[in-house]
1. Could you list, in sequence order, all residues of the range 76-114 that are in a strand (DSSP E or B), buried (at least 19 other Cβ atoms within 10 Å of the Cβ) and touching a strand residue (DSSP E or B) at 6+ places or on another chain (Cβ under 6 Å)?
2. Report, by residue number, each residue of the range 377-400 that is out of contact with any helix residue (DSSP H, G or I) (no Cβ under 9 Å at 6 or more places or on another chain), more than 16 Å from Gly299 (Cα to Cα) and among the small types (Gly, Ala, Ser).
3. Tell me, which residue of the range 397-422 that is at pLDDT below 95 and in contact with a Pro (Cβ under 8 Å, 6 or more places away or on another chain) is farthest from ligand 3 (Cβ to nearest atom)?
4. With the structure loaded, tell me whether Ala217 is away from ligand 4 (no atom under 16 Å from the Cβ) and farther than 19 Å from Arg158 by Cα or whether it fails that test.
5. Taking the range 432-459 as the search range and keeping residues that are more than 10 Å from ligand 4 (Cβ to nearest atom), part of a loop (DSSP other than H, G, I, E, B) and small (Gly, Ala, Ser), which one is nearest to Glu126 (Cα to Cα)?
6. Would you pick out the residues in the range 415-431 that are assigned to a loop (DSSP other than H, G, I, E, B), within 16 Å of ligand 4 (Cβ to nearest atom) and either among the acidic types (Asp, Glu) or over 30 Å from the mean Cα position of the chain (by Cα) (or both)?
7. Scan the range 191-198 and give yes if some residue there is under 23 Å from Gln362 (Cα atoms), touching a strand residue (DSSP E or B) at 6+ places or on another chain (Cβ under 9 Å), polar (S, T, N, Q) and part of a strand (DSSP E or B), otherwise no.
8. Can you tell me which residues in the range 148-163 are crowded, with 24+ Cβ neighbours inside 10 Å and in contact with an Asp or Glu (Cβ under 6 Å, 6 or more places away or on another chain)?
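The values are calculated or read from the model by the stated rules, or taken from the named source; none is laboratory data. Here the structure is a predicted model, which means the values were calculated and not measured. Cβ sites come from the backbone with ideal geometry, for glycine too, and all protein chains shown count toward neighbours.
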Amino acid sequence: MIWPTACLALLSASLFACSASSAPGETALNKRERSAESPAHAAASRVERSGKPAFPGATGYGAQAKGGRGGRIIKVTTLSDREPGSLRECLVAKGPRVCVFDVAGTVRFVGEPPVVREPFLTIAGETAPGMGITLAHSGGPEARSPLLIKNTHDVVVRHIRVRNDREGEYREAEDAITIEASEYVIVDHVSASWARDEIVNGYADNDWITISNSIFAFGLPRHDKCALLASDPNDAQHMSFVMNICAHSGDRNPDINFPPGSCVEVTNNVFFNAQSEFAEIWETYGGTPVSLVGNWFIGGPSTSDAAVGILRQQVGSRGPAQLYEKDNRFDGAFRERSAGLSQIIVDAPPCDLVTEPQPAMQAFAAVLASSGAWPRDAIDAQVVANIREKNGRIVKTPGRIPDVRHGAAPGPQDSDRDGMPDDWETRHGSDPRAADSWLDFDGDGWANLENYLADRASVRRAG
Ligand SMILES: [Ca+2]
Ligand SMILES: [Ca+2]
Ligand SMILES: [Ca+2]
Ligand SMILES: [Ca+2]
C-alpha cells in the first residue's frame, strides 16, 4: 500500500494522525483502478477490492482482508487449549470475530491444532498483556502446523509467535504457518521458528495474500526452509512478501514458483545465513512473474561458498520466469546470481508494486528495528543480533520457548467487554460503559476498536 510520506513517518508514532490525513479507503489498489493503467497491469484478472485496509499501514495484495471487522469480540481468557475461553474456541467460531487476549504466554494445542476455516477472523495478538502469545503444537502423531488457515478468506493475524518446539511424526504437515486455498489473508508482525517443513507455506489456490514485517528463523534440517510462497497452484495468485526476515534456513529463502499471470512482489526483506540458496525462482508452473526489489542477501556462518543469492531454477521448467530486479544488496562470499538469470530480466515490474519499496539501505534498518511479533522474545532478539553480527548457525533441533510468565499482567479492566479497556476508552472518547467497538467516535474512518488495536500495535513496537 502506498501511504503518503508524512503518513509513513507517523506510522510508529500516531496512527490516528496518519489515517486522518490519508483518507482511509484510499489505497494503491483503488487508485490503480481509477487511473486506467496499461494492459500489462491487467494481469490482475480477478476483481480487485477497494475499500479500507485491514488496519492502518496494512500493505500489499492482502491488505484489504476484512478480518473480523464488525463482528463479535471474543476474549481469550485461558492459555489452556480445551477450556472455555480458549483461543481454539475463537478460531473455530462462526461469523466475523476478533480474538483479543486477556492472557499472555504459550498456547500449546493438545492433539490436532485447530484449523482456521471460518472466514472473517482477526487474531489480535497485539491486545495480549505482557510478552504476548506464542502458539506451540503438542508434538507426537497429531502434531500439525500450529497455524493453519485453510479454505477460507478474510483472515488477519498480527503479533503472534509460532514456535514448534516439539517434534511430531508428520514432517510434511509441520509448517509453522500454512495458508491453504484461501484469499485475502494478511500475516503481519508474526514470528515463527523450528518448523520441520517450511516455516511458512502457501499451498494450493491462494490469492490476495500479504506476509509482512515478520521473522521466520531456524528451520530444522533436513528440510530447513524459510518460505515456500506457493505450492501446487492451479491458478494465478497475488502475493506480497514484504519487510520480513528469513534467517538460519538452508534454502527457500524464499521459494517463488507461480503460474503466469500472477503478481508477486518480494520487497525489502532481509535474508540471512542460507546454506545453499537464498531466493529461488522456479518455472515449473509455467514461469513466475516476480519483482524482487530492495532486499538484502547476507551470508552467515552456515552459508556455503557455492550458495546463490538469486537463483533461476530451471529444473522442470515449463516456460521462462520474468524477473524485475532492482536495488538488491548482497553481502558475503557467495554467488549473487545464478547463470541464466540474465535471460529472464524484464525492464519493468510484471505488475505494479502495490507496496512502494524503500531504498534497500533504509529498509534494512527498518526491518531489523521493527519486524516480528512485539515485544520481541529472546529468539527474535537473537536472530536480529545474529544478522547485525553475522553470527549464529542453522540448528538441528528445536530450542526452548522463552519463558513468559503465564498470566502475567492480566488484561486491563474492560467493563463493557467490547475489547477496549476502560482507561483507554476514557482517554480516547469512546464509552467505557457501552459496547461501541464498531462505532467511530472520532470520525477518522476507523472504528473505535480499530483505533485501539492500532494504538496497541504501535505501543508494542515502541517497547
Ligand atoms: Ca509445507
Ligand atoms: Ca470497553
Ligand atoms: Ca465501550
Ligand atoms: Ca475512529
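1. Val76, Arg97, Val98, Cys99, Val100, Phe101, Val107, Arg108
2. Correct list: Ala378, Ala381.
3. So the residue we want is Ala408.
4. Taking the combined requirement at face value, the residue does not satisfy it.
5. Step by step, filter the range 432-459, then rank; the result is Ser437.
6. Asp418, Gly429, Ser430, Asp431
7. Yes: the range 191-198 contains one or more residues that are under 23 Å from Gln362 (Cα atoms), touching a strand residue (DSSP E or B) at 6+ places or on another chain (Cβ under 9 Å), polar (S, T, N, Q) and part of a strand (DSSP E or B).
8. Once the filter is applied, which keeps residues that are crowded, with 24+ Cβ neighbours inside 10 Å and in contact with an Asp or Glu (Cβ under 6 Å, 6 or more places away or on another chain), the range 148-163 yields Arg158, His159.
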